[in-house]
Amino acid sequence: MKRLLNGLLALFSSYGLAVTLLFFLFVLTFLGTWEQRFTSLYEVQRQFFDSTWLVYRRFGVPIPLPGVYLLLTLLSINLIVGGIVRIRKSSATFGILIAHVGIVTMLAGGLIEYHSSQKGHMTLHENGQRGPQQADEFKSYHEWEIVVAEIPRQGGVIELVIPGKQFIDLRPEATATFVSDELPFDVTVSRVARNSRVVPASQARGGGGPVIDGFTLVDLPQMKEAEQDSAGLYVTLSEKNGGARHDAILWAMQDLPWVVEMGARTYSVDLSRRRWKVPFSIVLDDFRKVDHPGTMMPASFESDVTKIEGGATERINISMNRPLRHAGYTLFQSGWGPQNAAPGTPLFSTFSVVRNPADSVPLWSCYVIAAGLLIHFVQKLVRHIQAENRRATA
Amino acid sequence: MRTHTLLAAAALAAAAALVTSPILAGEGPVADAASPVVRAHSWLPETVKLLEELPVQDDGRIKPLRTVADFQLLKIRGTRSHRTPDGVKVKAAEWLLDVLFHPEHAKTQEVFTIADDAVLHAVGLGHEGKKRRDRYAYFELEPAFTRIMTLAQEYAHVEAQNRDTVQQGVLTLATNMRDFAELASFLDFARRRYPTAEWPERLTGIFGGRTEIRTSDAVAASWQLHGLRLVETDGHQHGADTDVTRALDGLLKDLSRTTFAANRLALFPAPGTADARPTWMSPASLTEQAFTADVPVEGQIEMLGILEDMTDSADDPAAFHEAAKRFHDASVALATGRGEYEKVPVEVAYYRADLMHWSLLAFGLAFLLTAWTWTAPRLKAVVIGSQGVMWVALALATAGITMRCIIRSRPPVSTLYETILFVTAVGVLVALISERIGRRGISRSVGAVLGFGGMFLANRYEMHEAKDTMPNLVAVLDTNFWLATHVTTVTIGYSAGILAALISHVYVGGSMFGLERRAPQFMKSLTRTTYGVLCFGLLFSVVGTILGGIWANDSWGRFWGWDPKENGALLICLWELIILHARMGGYIRDFGLAVMSIIGGLVVVFSWWGVNLLGIGLHSYGFTTGVMGVLLIVGSIEGVVLLAAGVHGFLRSRAAGPTGATPTLPPGVPV
């Protein structure tokens, strides 16, 4: 047992493992970059960088490879065991030790971000005529959810959410049923498509699913930019105790949710991007795109917003490289439109919204890594100069 | 990409309208196709000097007219000057003055480079007596103007990467002819006279009863003309049809038509402050402004009149100089009042000094001197000379980079062109410091190669792109803090990677010639230098890459997005970490370190240039065309080097036997 443990310890602290892991990381990073020519960054990230393993196919040959998630996990162990715990502690390795601590810290930050960050966008419209001018929630770029809400007659809404992870990767022929004690029916989803379009059955040319109210859902290839995908699926609400079944198509591009009446109760069912609440409201007062004089090249994008929190208001300017950081959330100026709007047309402004508990970790780890590498480099340089001086005087 | 092609199509469509220019439509002096007109005049040197310093707003920034002229001629001809058939050298600024003030002569100058005569076949032009790649005058190409523009509009809709050489050639020719036509017709308004003989007295009275007026006279009287119209129509915009309104409408239509083409150069600083009114005016926009604006533009209208004086006196050098000086002084006074002139003379000085060119020559000389020291290492004077010339070359490049920083008020690296300059300067500096430590002549030699190669590449890149190398930046890049930290550190990392690869070439070459056996100390010194440079590079690559992530976190809301450019930087870090860990683990020795450093150089090239060619990602502002061929050549050469190194390594290990008798450092002991 002890021999086994020692063997494992030797393996996990070895240069050989470090070189192997770094080499595979190199290969995957290169392949992941190359593949972006053909597929969306989101898909590449899922396949190469967020995975524990993958099968890469080239010229019809399947090549099994470890995923970056697995590699980084092993590299962290290798770094901790070999680069921090077992490394010879001396002045010569002091810089390396510090650099390793910095890298482990950064990887830990990455892990926290990967598992607990929220990323999405909030789009607000000037003067609110063509969309919301104020919001206290943001939507995911890629994640989906089904929201089942009861609309009580006395007002207010009771929501139940089915996270996208539980249905979006279902194979076309598979179904999934969701049950809740709070609902008088079960929810079954089927024929889930990441990108789809609802068309009249007569235009489907045999490519669609079942026809409901004269319409069918047609599966489409995924877009190069995954955030442009419009998911769709078939949903069935089966009243408990053998009651009636209600079928519908849910499509992400629908403006309004599907509304079902069951006796005296009314429910709405909607497929949409995942949403998160923020503990404050943002109102878009003005958006400006300033071009370099006499050109159409943007010099700056900026939004004047009002932050409302607990009755207190604050005027804030958000622009490129100057985000709003508040209450653990960060809002970045990331988009605007309509792109070809005539002068005077109300514009919309899109903010990327991120909640990342490890937001400041990269900066601190950068300081640590820089310090470690600098110490190591200066030590090597001094030794090199001394060796050359000795040679010259010999 | 799609937007670009549609914009190109729209621009070419607009160009077709320019053929209505009297000069371009052949109403001016027409050259005899059989015998090109020899340039019949020359500009006073002091006039050229004066106008080179004239501030212009072009591509969103204030720059000297010289810069506009340089890059325009570079784009059309591929050089910054040309020679007339009688051997007179014509500088870009002189050529631009020719085009503006003597378009009929400029049309006869052979400045249009056609890289492949198949382009002429495609547009239906003959090219008898010319080489496959040759230069043509505008008047030779003019008969096919319509055909060229029609084809170009068609080819503009083909994605850039799918165009063949003829399609690309036609597009290039079309845009060059459009540029020329815009400039040649720019002063049509200044040559135009409006006869007043048939006008009613109430209209001629505004102009003091003169028999003809100039464009500037009409623009200066804009409010009186406007007032007259209101009186004539009794406050109504439509409905009155009198002699006065008919003449007035005719004048305004003429004015609009004549100034339409005068849009290419924004020569007039706007009234007010630069913050309130950042956009300068061309004659066309000044005319529009005069009739509609709420701010006075008298000073600018006066300049419009001076421009007409310059046009009138184009054949009289002394009178032209006097008018040019008045225009220059008026422009400089207005620009200075707006705080927009102070960098213009610095930019003129930068291009006049041509520091990068002199640096290239100095590096070339340093390389020759260094090569001499290889055959005569005991010649101290040559050794000192080569080192001295290298320092001079580096000083010239550094001075040039510093001037660019002053001109644009930016850190040293913000464009691909500047990365070449910076990588070269830093690489040479590190090589010289390394030489100072080692004193073996290796780093000096490698530094000279890097310096010459880098400055040559910068020169070729500037010629190939033929665009202002100090452009405005897109919004996300417009931050001096991150340009100074992330971009600078990452670029230093590139520099170190390239330098380590070059030194490793020397090692591999030395190994092939048996120097590991015959000069082990020399070879060990090479390894130490490579290792040191790699450590230096890793420090800057890692810190630069993380800083890039922090910048991305500030700008886009995520630290790492697996964007191609980010991945490229990561690839450099990973490869250098692989090398150093493999070295420390004893998996590679000196020869392996050298071979892997050469591969590291390719990784740097991929990250620096290659990912830009993928045409994807958030760093698309780094995209550049036409470097694929160069990258393939570099990749092929390095492929041959690596193949030779592999064969040599195999034979070497067989000869050394199973115990490996080649002298190396013991595994696990970093040098």
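Screening A:PHE12, A:PHE59, A:PHE38 for residues that are open to solvent by 40 Å² or more (accessible area, probe 1.4 Å), within 10 Å of chain B (Cβ to nearest Cβ) and out of contact with any strand residue (DSSP E or B) (no Cβ under 6 Å at 6 or more places or on another chain) leaves exactly one candidate, A:PHE38.
Of A:VAL259, A:VAL305, which residue is open to solvent by 30 Å² or more (accessible area, probe 1.4 Å) and either within 14 Å of chain B (Cβ to nearest Cβ) or out of contact with any Cys (no Cβ under 7 Å at 6 or more places or on another chain) (or both)? After applying the criteria, what remains is A:VAL259.
Return yes or no: is B:ALA284 touching a residue at least 24 places away in the same chain (Cβ under 8 Å) and under 28 Å from B:HIS102 (Cα atoms)? It is true that B:ALA284 is touching a residue at least 24 places away in the same chain (Cβ under 8 Å) and under 28 Å from B:HIS102 (Cα atoms). Of the helices (runs of 4 or more DSSP H) lying entirely inside region B:124-198, those containing at least 2 residues that are open to solvent by 10 Å² or more (accessible area, probe 1.4 Å) and β-branched (Val, Ile, Thr) span B:145-155, B:165-184. Residue check: is B:GLY622 at pLDDT below 95 and under 30 Å from B:ASP164 (Cβ atoms)? Considered against the rule, which asks whether it is at pLDDT below 95 and under 30 Å from B:ASP164 (Cβ atoms), B:GLY622 comes out as yes. For first residues located in region B:538-560 and within 7 Å of chain A (Cβ to nearest Cβ), partners that are among the small types (Gly, Ala, Ser) and lie 6+ apart or on another chain with Cβ distances below 6 Å form the pairs B:VAL543/A:ALA370; B:GLY557/A:SER352; B:PHE559/B:GLY549. Checking B:VAL603, B:VAL611 one by one, the residue that is open to solvent by 10 Å² or more (accessible area, probe 1.4 Å) and either facing chain A (nearest Cβ under 10 Å) or in a loop (DSSP other than H, G, I, E, B) (or both) is B:VAL603 and no other. Taking first residues from region B:240-261 that are touching a residue at least 60 places away in the same chain (Cβ under 8 Å) and partners that are open to solvent by 40 Å² or more (accessible area, probe 1.4 Å) and of a type in the set (D, E, K, R), the Cβ contacts under 6 Å between residues at least 6 apart in sequence or on separate chains come to B:THR258/B:ARG192.
With the requirement that a residue be more than 10 Å from chain B (Cβ to nearest Cβ) and either open to solvent by 40 Å² or more (accessible area, probe 1.4 Å) or part of a helix (DSSP H, G or I) (or both), what does region A:43-53 give you? Passing the criteria: A:GLU43, A:ARG46, A:GLN47, A:THR52, A:TRP53. You will find that of B:ASP354, B:ASP309, the residue that is over 29 Å from B:SER216 (Cα atoms), charged (D, E, K, R) and either open to solvent by less than 70 Å² (accessible area, probe 1.4 Å) or within 14 Å of chain A (Cβ to nearest Cβ) (or both) is B:ASP354 and no other. On the stretch given as region B:194-226, residues that are touching a Ser or Thr at 6+ places or on another chain (Cβ under 9 Å) and of a type outside the set (Ser, Thr, Tyr) total 11.
Being closer than 20 Å to B:VAL490 by Cα and open to solvent by 40 Å² or more (accessible area, probe 1.4 Å) narrows it down to one of B:THR375, B:THR402, B:THR415, so name that one. Just a single option satisfies the conditions, and that option is B:THR402. The residue pairs whose first member lies in region A:340-351 and is in a strand (DSSP E or B), whose second member is surrounded by 10 or more Cβ atoms within 10 Å (Cβ to Cβ) and among the acidic types (Asp, Glu), and whose beta carbons are closer than 8 Å, counting only pairs six or more residues apart or on different chains, are A:PHE348/A:GLU126; A:SER349/A:GLU126. Residue count for region A:352-393 under the criterion of being at the interface with chain B (Cβ under 9 Å from one of its Cβ atoms), in a loop (DSSP other than H, G, I, E, B) and modelled with pLDDT of 90 or more: the result is 2. The residues listed here are B:ARG257, B:ARG326, B:ARG246; of these, the one that is modelled with pLDDT of 95 or more, more than 27 Å from A:ALA299 (Cα to Cα) and open to solvent by 10 Å² or more (accessible area, probe 1.4 Å) is B:ARG326. For region A:239-261, the count of residues that are within 29 Å of A:SER352 (Cα to Cα), among the charged types (D, E, K, R) and out of contact with any helix residue (DSSP H, G or I) (no Cβ under 7 Å at 6 or more places or on another chain) is nonzero. The requirement of being surrounded by fewer than 18 Cβ atoms within 10 Å (Cβ to Cβ), touching a residue at least 24 places away in the same chain (Cβ under 8 Å) and within 11 Å of another protein chain (Cβ to nearest Cβ) is not satisfied by A:LEU331.
In this structure, does A:SER281 turn out to be hydroxyl-bearing (Ser, Thr, Tyr) and either within 10 Å of chain B (Cβ to nearest Cβ) or under 30 Å from B:LYS63 (Cβ atoms) (or both)?
Taking the combined requirement at face value, the residue does not satisfy it.
Of a type in the set (Ser, Thr, Tyr) and not in a helix (DSSP H, G or I) - does that describe any residue in region B:239-259? Yes. Looking across region B:511-523, the residues that are at pLDDT 90 or above and either facing another protein chain (nearest Cβ under 10 Å) or in contact with a Phe, Trp or Tyr (Cβ under 7 Å, 6 or more places away or on another chain) (or both) come down to B:SER511, B:LEU515, B:MET523. Whether any residue in region A:311-325 is more than 10 Å from chain B (Cβ to nearest Cβ), open to solvent by less than 60 Å² (accessible area, probe 1.4 Å), touching a strand residue (DSSP E or B) at 6+ places or on another chain (Cβ under 6 Å) and small (Gly, Ala, Ser) is what I want to check. For region A:311-325, residues more than 10 Å from chain B (Cβ to nearest Cβ), open to solvent by less than 60 Å² (accessible area, probe 1.4 Å), touching a strand residue (DSSP E or B) at 6+ places or on another chain (Cβ under 6 Å) and small (Gly, Ala, Ser): absent.
The values are calculated or read from the model by the stated rules, or taken from the named source; none is laboratory data. Since the model is a prediction, treat every value here as computed from it, not as a measurement. Heads up, the Cβs are rebuilt from the backbone with ideal geometry, glycines too, and the neighbour counts pull from every protein chain shown. Accessible surface is based on the protein model in full, side chains and every heavy atom, while ligands, DNA and RNA are left aside. Shrake-Rupley method; radii C 1.70, N 1.55, O 1.52, S 1.80 Å.
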